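J.: I have a structure I would like to understand better, so I am pasting it below and will then ask my questions one at a time.
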Amino acid sequence: MPISISTVHLINRLDDLRRWVTDQKLAGRTIGVVPTMGALHEGHLSLVRASLEKADATVVTIFVNPTQFAAGEDLEKYPQTLASDLAQLASAGPVVVFAPTVADMYPAQFSTMIFPPTIAKTLEGEKRPTHFAGVATVVLKLLNLTSADFAFFGQKDFQQQLVVAQMVKDLNVPTEIVMCPIARAADGLALSSRNAYLTAAERQIALSLNQTLVAVENQICQGQRDSYELIVEMRQLLIDAGVTSIEYAAIADPLTLETPEQVRLPVVALVAAYVGRTRLIDNCVIAEN
């Protein structure tokens with residue numbers, strides 16, 4: 001059964017969510033959804049606030065989606081902190097939290113997966129080839145379950161937002177995808193649930209991701225237009241900072257993720273790297289002043 005905690009209304013069962021959605025639609029209310037895997041932080045809360053401002057009712061989904069993790073990734077140790085998540089959401093405003101089980105989302109005999117759009121093949125798609133099929137599948141299920149008018153995603157997962165937006169367009173899903181700015185700690189580190197894995201020393205190294213993006217932005221603003229030279233510089237800055245392993249450093253068109261020989265604004269600079277055993281991503285959109 002649904003459980004209410006202060007301003008948070010917790011729903012676990014699909015049928016209960018459907019009834020709530022039906023009530024909202026009959027009342028003529030718009031619905032915003034914020035898909036998360038829990039372990040909430042200020043970045044997630046900024047998405048919730050954006051939804052509360054734009055939509056009449058907000059659903060925050062908390063579900064660690066197994067289909068977007070490949071073998072050897074951190075599914076088993078991914079933090080699950082539902083009590084803390086609910087406490088944080090209680091201070092954000094009136095929301096419904098949908099926290100289903102894996103058995104509800106992927107029942108016995110489940111066998112349908114979304115084949116993600118072409119933009120999923122590069123960057124994250126090269127390093128995690130099954131990732132976006134899992135993301136697209138679970139997001140489509142959540143959009144269907146919530147009948148969302150708006151769905152809110154953070155810019156930190158830049159490619160994910162592009163994949164979801166293209167999927168929604170291709171499949172005629174009546175949901176507007178809203179990308180919200182990256183939330184950062186005071187020292188510039190992009191907020192991520194995986195930051196909890198970092199030691200104090202690793203966190204200092206992790207700051208180099210944002211510092212590298214700032215350096216590249218400065219170079220572009222000063223007139224550097226050679227994408228190859230910028231990418232070489234990005235990689236060197238990360239290596240000099242002590243980053244363990246660089247998966248990619250890229251300068252790309254913000255709509256296609258293709259790398260131009262010569263930078264034409266706007267562009268997006270993206271990095272993915274391991275600091276110790278923790279995989280981190282970050283990006284920066286660089287536009288005309």
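The values are calculated or read from the model by the stated rules, or taken from the named source; none is laboratory data. Source: prediction; values computed, not measured. In this analysis, Cβ positions are derived from the backbone assuming ideal geometry, glycine residues included, and neighbour counts consider all displayed protein chains. Accessible surface areas use protein heavy atoms only, side chains included; no ligands, DNA or RNA. Shrake-Rupley method; radii C 1.70, N 1.55, O 1.52, S 1.80 Å.
J.: Is at least one residue of region 20-38 part of a helix (DSSP H, G or I), charged (D, E, K, R), at negative phi and surrounded by fewer than 19 Cβ atoms within 10 Å (Cβ to Cβ)?
T.: Yes, there is a match, as at least one residue in region 20-38 is part of a helix (DSSP H, G or I), charged (D, E, K, R), at negative phi and surrounded by fewer than 19 Cβ atoms within 10 Å (Cβ to Cβ).
J.: Please specify each residue of region 56-72 satisfying the condition of being of a type in the set (S, T, N, Q), in contact (Cβ under 8 Å) with a residue 60 or more places away in the chain and within 18 Å of Arg13 (Cα to Cα).
T.: Thr61, Asn65
J.: Would you please list the contacts, defined by Cβ atoms under 9 Å and residues six or more apart or on different chains, that run from a residue in region 115-134 that is among the hydroxyl-bearing types (Ser, Thr, Tyr) to a residue that is open to solvent by less than 20 Å² (accessible area, probe 1.4 Å)?
T.: Matching pairs, first to second residue: Thr122/Gln159; Thr122/Ala250; Thr122/Ala252; Thr122/Leu257.
J.: Being open to solvent by 30 Å² or more (accessible area, probe 1.4 Å) and in a helix (DSSP H, G or I) is the filter here, so list the residues in region 51-63 that pass it.
T.: Leu52, Glu53, Lys54 - these are the residues of region 51-63 that are open to solvent by 30 Å² or more (accessible area, probe 1.4 Å) and in a helix (DSSP H, G or I).
J.: If you don't mind, there's one more thing I want to ask. Check region 1-13 and report whether any residue there is open to solvent by 10 Å² or more (accessible area, probe 1.4 Å), of a type in the set (Ser, Thr, Tyr), farther than 27 Å from Pro116 by Cα and in a strand (DSSP E or B).
T.: yes
J.: Now for a different question. Of all the strands (runs of 3 or more DSSP E) wholly in region 192-286, which have at least 3 residues that are touching a residue at least 40 places away in the same chain (Cβ under 8 Å) and β-branched (Val, Ile, Thr)?
T.: Those strands (runs of 3 or more DSSP E) span 267-275, 278-286.
J.: Has region 79-95 got any residue that is open to solvent by less than 60 Å² (accessible area, probe 1.4 Å), under 15 Å from Arg13 (Cβ atoms) and modelled with pLDDT of 95 or more?
T.: No, because not a single residue in region 79-95 is open to solvent by less than 60 Å² (accessible area, probe 1.4 Å), under 15 Å from Arg13 (Cβ atoms) and modelled with pLDDT of 95 or more.
J.: Can you report the number of residues in region 168-191 which are assigned to a helix (DSSP H, G or I) and either in contact with a Gly (Cβ under 8 Å, 6 or more places away or on another chain) or within 22 Å of Lys54 (Cα to Cα) (or both)?
T.: 2
J.: Taking the condition of a type in the set (Val, Ile, Thr), modelled with pLDDT of 95 or more and closer than 22 Å to Val34 by Cβ, does Thr130 pass?
T.: No; evaluated as a whole, the condition is false for this residue.
J.: Still on this model: Out of (1) open to solvent by less than 20 Å² (accessible area, probe 1.4 Å); (2) in a helix (DSSP H, G or I); (3) closer than 30 Å to Arg29 by Cβ; (4) not hydroxyl-bearing (Ser, Thr, Tyr), the odd one out for Ala148 is which?
T.: In the conditions (1) open to solvent by less than 20 Å² (accessible area, probe 1.4 Å); (2) in a helix (DSSP H, G or I); (3) closer than 30 Å to Arg29 by Cβ; (4) not hydroxyl-bearing (Ser, Thr, Tyr), Ala148 misses (2) alone.
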